[in-house]
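All remarks here apply to the structure that follows.
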Amino acid sequence: MGEGRERARHWRYEELPGVDLLRARYVDKRFVRHTHEQFVIAAVVEGVEVFHHGGADQYVGPGSLALVNPDTPHTGRAGVPEGWRYGAVYPSADLVAEIAGETTVLRGTPGFVRPVLDDPYAAGLVHQVLRAVDEGNPLAADTLLRVVVTRLLRRNGGALPQRAVRTAGDRLAARARAVLEERLAEPPTLERLAAELGTGPFALLRAFRDAYGMPPHAWLTDARVRAARRLLDAGVAPAEAAVVVGFTDQPHLGRHFTRIVGVPPGAYRRERKNVQDFGAGGP
């Protein structure tokens, strides 16, 4: 847990595989534009969170939920001076698809239609999931998670549009992303990347932002943090993970990791290690 006015815990429960959990209180915290591989289902208890999503600021207060689909750029900050307190679950896309297939009539890839939903009952279910995890009650945690996802899909669900690479700009952005993914730790400059792809820097910048909601350098930072999370999940030390994904050192990773994930990489890894130790027969 953090110290001072802000505190956060980002963890996993062995009995809910593929689901991240979060409890946090933030006051001065500002999440930079980033994405998640999982769904975000965040229920505010106190205060107001503001997050930029889909070209507009979205406001979430007590009894409401922030709902973000995978790979969707968004930010986060306090909407009132006292900040906001919330709990969140991050189920995987596969789990949400499984639940949708069993309990809804949605076709295609399921997701949320609106980024904010006023639903005190669903918000309460999110906190009940976290409480069941605290109590070590896997039956309740799994049941409640499936109930809340079902409710949210029925009230606010739809088929996500499939990203189609149709225009020349889309194809250019996809090629640039592939290069950056391949050279995550040693990326080219914008000018060199554009030259490799046979275009100009500003044309590439526009195409990439249009396709992925952020410029290449911001996307690269987000991708590096995602890669670092996977390494930390596997037990790699933060200092080693930082170098592998292309950050200068551990403090460099720490600054970006905390601005995106909400907790420092060391605290994040300790929670993962606790889950691994528990699964191996630890306390």
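The values are calculated or read from the model by the stated rules, or taken from the named source; none is laboratory data. Computed from a predicted model, the values in this text were never measured in an experiment. With ideal geometry, Cβ positions are generated from the backbone for all residues, glycine too; neighbour counts draw on all protein chains shown. Remember, those area values only see protein heavy atoms, side chains included, never the ligands or the DNA or RNA. Shrake-Rupley method; radii C 1.70, N 1.55, O 1.52, S 1.80 Å.
Among the residues of region 79-113, count how many are outside any helix (DSSP H, G or I) and loosely packed, with under 14 Cβ neighbours inside 10 Å.
Residues flagged as outside any helix (DSSP H, G or I) and loosely packed, with under 14 Cβ neighbours inside 10 Å within region 79-113 amount to 5.
Please enumerate the residues belonging to region 54-73 that are within 9 Å of residue 35 (Cα to Cα) and either touching a Ser or Thr at 6+ places or on another chain (Cβ under 7 Å) or open to solvent by 40 Å² or more (accessible area, probe 1.4 Å) (or both).
71, 72, 73
How many residues does region 190-215 contain that are assigned to a helix (DSSP H, G or I) and within 18 Å of the chain's Cα centre (by Cα)?
Count: 1.
Within region 36-50, work out how many residues are in a loop (DSSP other than H, G, I, E, B) and under 19 Å from residue 213 (Cβ atoms). Before the answer, list the steps.
To start, the set of residues in region 36-50 that are in a loop (DSSP other than H, G, I, E, B) comprises 36-39, 48.
Retained after the next criterion (residues that are under 19 Å from residue 213 (Cβ atoms)): 36-39.
Within region 36-50, residues that are in a loop (DSSP other than H, G, I, E, B) and under 19 Å from residue 213 (Cβ atoms) number 4.
Taking residue 171 as the residue in question, decide whether it is open to solvent by 50 Å² or more (accessible area, probe 1.4 Å) and either assigned to a helix (DSSP H, G or I) or in contact (Cβ under 8 Å) with a residue 12 or more places away in the chain (or both).
Values: open to solvent by 50 Å² or more (accessible area, probe 1.4 Å): yes; either assigned to a helix (DSSP H, G or I) or in contact (Cβ under 8 Å) with a residue 12 or more places away in the chain (or both): yes.
Considered against the rule, which asks whether it is open to solvent by 50 Å² or more (accessible area, probe 1.4 Å) and either assigned to a helix (DSSP H, G or I) or in contact (Cβ under 8 Å) with a residue 12 or more places away in the chain (or both), residue 171 comes out as yes.
I'm trying to understand the selection: among the residues of region 204-219, which are surrounded by fewer than 18 Cβ atoms within 10 Å (Cβ to Cβ) and in contact with a Gly (Cβ under 8 Å, 6 or more places away or on another chain)?
If the condition is that a residue be surrounded by fewer than 18 Cβ atoms within 10 Å (Cβ to Cβ) and in contact with a Gly (Cβ under 8 Å, 6 or more places away or on another chain), then 206, 210 are the ones that fit.
Given the criteria open to solvent by less than 50 Å² (accessible area, probe 1.4 Å), of a type in the set (Asp, Glu) and either assigned to a loop (DSSP other than H, G, I, E, B) or touching a helix residue (DSSP H, G or I) at 6+ places or on another chain (Cβ under 9 Å) (or both), does residue 222 qualify?
yes
Out of the residues in region 257-271 that are open to solvent by less than 70 Å² (accessible area, probe 1.4 Å) and in contact (Cβ under 8 Å) with a residue 60 or more places away in the chain, state the one that is nearest to residue 75 (Cα to Cα).
Ranking the qualifying residues of region 257-271, first place goes to 260.
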